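> Here it is, the structure in full.
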Amino acid sequence: MKRAVTAAAAVALMLTSCAPADPPIQSSATATDAGLLVDFGLDGMDTAGIIDHLDRLDTAQRPTDLMASVRQDELLLSDGAQELTLDLPEDRSYLSIAPYLSQTHECFFHSLTTCLGELGNKSISVKITDGATGETLVEEQTETFSNGFAGYWIPDNVQGTIEISYAGHSSSTDFSTSDDGATCITDLRLT
């Protein structure tokens, strides 16, 4: 069962914008202080609600003093003084996808408060397919968030393909929601 724990001080070092891949934090502390959630108006939300809320916030409204990094099985939150680790929903992973035409950034773990994609508030077509079963997990026309990303909850341990279309351009890339998979997909160059 996934846990909610207060993370060690090392979290602050790991919570960088568009964080690179690194091992998960190990902590045996328990979450007794919800102060961080209260401070940022996130109390009363579950982990999925916090992720959805922060990713959909207009970039001008994003808290500049909160780092929020989405890992394969947890959300790491820090304001520099307090750190908190919250488990993602059981058997689900969050993929944040930022297609681009001319500029992107390297990213592995999506930062809900600092990652910015090129195509904010644009209408895109998205298709996400499970490579093992051929099942279409997502197929929709959607609008990217103000940060240039579109976010999806996908089952754990899936390897597949993401296909994006925008204004006559398209791209595809592979993804994985296994323990070593990225949560920030920024390699979809639209041609």
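> With Rg and the Kirkwood Rh both taken from Cα atoms, where does Rg over Rh land for the range 41-119? Walk me through the intermediate numbers first.
On the way: Rg = 12.8 Å, Rh = 13.3 Å.
Rounded to two decimals, Rg/Rh equals 0.96.
> Looking at the range 98-147, what % of the alpha carbon pairs are farther apart than 11 Å? Don't jump to the answer; show the numbers that get you there.
Working: 896 of 1225 pairs.
Within the range 98-147, distances greater than 11 Å cover 73 percent of Cα pairs.
> Once Rh for the range 144-191 is found with the Kirkwood sum over Cα pairs, what is the Stokes-Einstein diffusion coefficient at 4 °C and 1.567 mPa s, in µm²/s? List each step's numbers first, then the result.
Numbers: Rh = 11.8 Å.
Using the Kirkwood radius from Cα pairs, D works out to 109 µm²/s.
> Relative contact order, percent, of the range 48-191 when contacts are C-alpha pairs under 8 Å separated by at least 6 residues? Walk me through the numbers before you get to the answer.
Values: 353 pairs, mean separation 39.7, N = 144.
About 28 percent, as a whole number.
> Same structure, new question: May I ask you to evaluate 6.51 cos²θ - 1.76 cosθ + 1.60, the Karplus curve with θ = phi - 60°, for each residue of the range 48-62 and list the ³J(HN,Hα) values in order in whole Hz, giving x for glycine and proline?
Values per residue, Gly and Pro as x: 4, x, 5, 4, 4, 4, 5, 5, 8, 4, 4, 4, 5, 9, 5 Hz.
> Mind jotting down the three principal axis lengths of the range 65-191 based on Cα atoms? Whole angstrom, largest first.
For the range 65-191, the Cα extents along the three principal axes come out at 46, 32, 21 Å.
Readers should treat all values here as calculations from the given coordinates under stated rules, not as data from a laboratory. It should be emphasised that the depicted structure is a prediction, and the values quoted were computed from it without experimental measurement.
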